[in-house]
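Written below as C-alpha cells is the structure these notes are about.
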Amino acid sequence: MIYELPHVPTTAPISLKFTVVGGGLAGLATAYALRRAGHNVLVVEKSDGTARSPGGLRSSPNMTKVLAKWGLMREVLQLATELDNTNFLSAHTGEMLGIMSAKLIQEIQKDSDPNSSFLLVTQGEVHELMYNVARREGVTFRFNSAVVEADIQSGVVTLEDGEEIEADLIVGADGCHSGLRRYVENTEEKMSKSENVGILDFTGTLTNEDVEKDPRLLEHKSDLDMYFGNGFYVSVHFHSAPEKRRFSVVIAHPYEDDVPIQYEDWKPLEKSSDFNFDLEQLAPWLRKLISLATHKWGRIFTVKETLQNVNKSRLVLVGEAFHAISPGSFLSGAMSFEDAHTLGCLFSAIQSKSQINRFLTAYDEIRLPRSSFVHHKDAYHRGVATLPPGPYRDTRDAHLRMSLQQGMGDAEMAEIYGEDIRMFTYDPGVDTGAWWNQYGSMVLDPESRTRRESIMEVQIASSIAIS
C-alpha cells in the first residue's frame with residue numbers, strides 16, 4: 001500500500017518569511033512550493049535573472065509527478081517530448097550496447113499513473129515556466145543581489161552592498177558551488193574530497209535542410225542516447241516540442257584543475273580547449289551533431305559527498321547545494337523538485353514558529369536516506385559509464401547486450417535495471433505522507449490535529465508499494 005498526501009495544496013494557518021538564495025530551477029521550484037503553502041517568499045539571485053540555458057533537461061517520473069501535483073502538466077506537455085527509450089552506446093564507435101524502455105519501466109513497476117512519464121524538455125523553457133508561475137503565485141524577486149554572508153542563527157543574509165535581509169528561514173538553493181553549504185557541513189565534510197567534472201553542452205536546432213541531407217539525424221528523436229567513453233560519458237537527446245527539432249549533446253569528463261571562476265555557472269563557451277577534452281575521440285556521428293550546434297556552453301560541476309545533515313538553525317539546503325550529483329543524469333534536475341515538494345508539503349502544516357526545528361528535522365529524516373541512495377547509485381553509474389578498456393568494461397557490455405534480446409520479459413528487465421527503476425519511479429509524497437502518518441500527531445497539538453485531520457491525514461492507496 002502507498003501512503004500519499006492529497007494532491008490538493010493546503011495552506012498553513014501561519015505565514016512564515018522565507019529567503020531563497022538562488023534563482024535557478026531548485027530555487028524557483030522551492031519558492032513556488034512554499035508560496036503555495038501560504039508563506040511569504042523572497043528569491044535573491046546574484047544575476048539579472050534573464051539567462052536561460054538552451055540545453056536539455058530530463059524529467060523522470062519522480063519529477064513529472066511533482067509537476068502534475070502542482071497542476072502544471074498542461075504547460076509542461078506543450079514544451080516536452082515523451083521519451084521512448086534510453087539507448088546505451090559506445091562513444092568511440094557508436095555501437096549499440098543496450099536499451100531501456102521507458103514504457104517497460106512503467107509496466108514492470110505496475111505504475112498506472114498517467115503522469116509518470118519520462119519527458120525531454122529544454123531547461124530554459126522549464127526555468128521560464130517556473131519563474132512565471134512563481135511570480136503569479138506571489139513570490140517576490142531581487143536580482144543582481146549577491147549574498148556574501150549569512151547569520152543562520154537569526155535568519156539574516158547580507159548582500160554584497162551591505163544590506164541585510166531577515167527571514168524566519170533561509171533556503172540555500174545556490175548550486176553545486178554553494179556559499180551557504182559551508183554553514184551546514186561539519187569539519188570532516190568540509191575536508192572531504194570533491195570531484196570536478198567539466199561539462200561541455202552543445203545545443204542546436206536541426207533545419208529541414210540538415211535532415212534532408214542526413215535523415216538519420218531524426219532516427220532517435222524520442223530517445224535519450226547515453227554514450228560510454230574511456231573516462232567520460234556523453235548524453236544526446238532531442239528536447240522540447242517535437243516540431244522544434246532541438247538537440248543537446250552533453251559531454252562530462254574529469255576536470256583536474258582549479259575551477260575557473262567564469263565557469264562556476266553556465267557560460268557561453270569561449271573555447272573547447274579550456275576543458276582539455278579532445279573531440280576527435282568521439283564517433284563521427286557525435287562530431288557531426290556538435291558541428292551543427294548553434295550554442296556552445298561550458299560549466300565546471302563539483303560532485304560532493306552526501307551530507308550528514310541538510311539544515312542547521314535557520315538554514316536548509318535544496319537542489320545542487322544539497323546533493324550535487326553527476327550532470328546529464330535524469331536525477332540531476334529531478335532531485336530539486338523532490339526537495340521542493342517535500343518542503344512545501346511539510347510547511348503547509350506548520351502551526352507556529354516553535355515547530356520550525358521539528359519540520360526541518362523531518363526534512364532531514366525524509367530526504368537524507370533518499371539522497372544517500374541516489375548518491376550511491378550515481379557514483380556507481382558514473383563509474384560504469386566511464387570504464388577504461390579491459391575485463392570490467394567487457395562484462396558491462398555483455399550485461400547490457402542482454403537487453404537487446406528479443407522477447408525479454410519483465411523479470412529479466414527488472415534484473416538488469418531493478419534499482420534504477422525504483423530510483424526513477426520514486427514519489428516524494430509517499431515518504432512525506434509516511435512520515436506524517438507516523439509523527440504528525442506528535443507535532444500538532446490536539447486542537448489543531450482535530451481541525452486539520454481531514455486535510456493532512458494520510459490516504460492509503462490500493463496500488464502496490466514501490467519496493
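Some points to look at:
- Every Cα-Cα pair of region 274-398 was included, and the share exceeding 25 Å stands at 45 percent.
- Note on region 136-210: Rg/Rh from Cα positions, Kirkwood definition for Rh, rounded to two decimals, is 1.16.
- Residues D84, D174, D225, D258, sorted so that the one with the fewest Cβ neighbours within 10 Å comes first: D258, D84, D225, D174
- Exposure proxy for T64, T10, T361: other Cβ atoms within 10 Å of each Cβ, ordered fewest to most, give T361, T10, T64.
- Order of I251, I290 under a 10 Å beta carbon neighbour criterion, fewest first: I290, I251
- Cα→Cβ-extended label distance, 7 Å offset, between T361 and R216, nm: 6.0
- Extension reserve of the E128-S372 stretch, reckoned as 0.36 nm per residue once the Cα distance is removed: 84.8 nm
- Cα-based reach from K377 at 16 Å (exclusive), listing lysines while leaving out same-chain residues under 8 positions away: K304
- Note on K296: lysines with a C-alpha under 19 Å away, same-chain residues under 8 apart excluded, are K244, K267, K271, K288.
- Three-way shape call for region 208-319 based on the alpha-carbon gyration tensor, with the a/c threshold at 1.5: prolate
- Under the simplified labelling scheme, the Q438-T158 pair shows an inter-label distance of 4.1 nm, with each label point 7 Å from Cα along Cα→Cβ.
No value in this document is a laboratory result; all are computed from the given coordinates. Owing to the predicted nature of the structure, the values given are computational and were not obtained by experimental measurement. So basically every Cβ, Gly included, is an ideal-geometry build from the backbone, and we count neighbours across all protein chains shown.
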